[in-house]
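Every read-out reported here was derived from the displayed coordinates using simple, explicitly stated rules and does not represent laboratory data. The structure displayed is predicted, hence computed values, not measured ones. FYI the Cβ positions are ideal-geometry reconstructions off the backbone, even for glycines, and counts take in every protein chain you see.
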Amino acid sequence: MSLLVVGSIALDSVETPFGRREDVLGGSATYFSTAASFFGPVRLVATVGEDFPAEHVRFLEERGVDLAGLERRAGRTFRWKGRYAFDLNTAHTLETQLNVFGDFQPELPAAYRDSRYVFLGNIDPDLQRRVLDQVKAPRFVACDTMNFWIDSKRESLLKTLRRVDMLFVNDAEARQLAGEHNVVKAARRILGFGPRAVVIKRGEYGALFFAGDHVFSACAYPLASLFDPTGAGDSFAGGFMGYLARSGREAPDVLRRAIVTGSVLASFAVEQFSLDRLATLAHDEIRGRYRELLQLAHFDELEADLFDGLRR
């Protein structure tokens, strides 16, 4: 398994109806690599400032994350401050300080260039292609994006989409990118931009997967305790890509299981602030929740004569 992630590492200040935390560990690459690390080692490329706490570096190392691609530079670490309303569906950004992340130019160590599975986190699409130019022959490439890049660098993003196998977006981003209100039509149009598959993340409503004529809908795990949705999408992607890389196959049945696995990891990530829940998560808990999701989505085959004689 050789799984590479390129993205952000941040210090987040988050406020939800259930509490507030200041300068906690965050960032797309952090959530992704932590979730993926349950399935095997992860190679990480990111940048942090001289103020980045050593305890966070130790946490990632203890998770088996290869930090040869982590660059520490003079200056301050990327910081994000946000607030969630009571429904927890939308993050309201209060402050963004790019700091050393503002001129991030990802350079892959030589040992990373043979990575077979690659995840391009939510960064400038020009930088996403810069990473792809450095990887020799990846087997499967997935990327994430956001409304800012869709609006400000659309043509660059379209160039990136022609070079990836899968795109992760939420439903609002899918509509914006495709110019379609209906998410099914939006997914079909996005497939025409180049990727072989699209995953549309729908938060508490699960996820939709589209590849050619193949469609799969995965439900979200119904949670009684949800404290902080920050990083849910990146944890989903980490669970997905971690499972995929461990499997070493991209058959439809494997992709379906990877989507359910991503949903499982995301469901744990939101149960506490920052990475706190993933830090204590055990493999048996992942297996147990996966089985629960199987039962939630299970139904029997239709009885052959059930619809006989229905009125026209």
Original post:
Using modelled amide H (1.01 Å from N, peptide plane; none on Pro or chain starts), what sits under 5 Å from the amide H of GLY49, excluding residues fewer than 5 places away?
Top reply: ARG73, THR77, PHE78
Original post:
Assigning unit charges at the beta carbon (Lys, Arg +1; Asp, Glu -1) and nothing else, what dipole magnitude in debye, to the nearest 20, does the chain show about its Cα centre?
Top reply: 860
Original post:
Taking every DSSP beta bridge that has both residues in the chain, what percent is antiparallel when rounded to the nearest 5?
Top reply: 40
Subject >> Within the chain, longest stretch clear of exposed chymotrypsin sites (Phe, Trp or Tyr not before Pro) (DSSP loop, no more than 11 other Cβ within 10 Å) >> reply: 87-298
**OP:** At a temperature of 25 °C and a viscosity of 0.890 mPa s, determine how fast the chain diffuses translationally according to Stokes-Einstein, using the Kirkwood radius over alpha-carbon pairs as Rh; express D in µm²/s, rounded to the nearest whole number.
**Re:** 124
Subject >> Cα centroid separation - segment 28-85 against segment 179-225, whole Å >> reply: 28
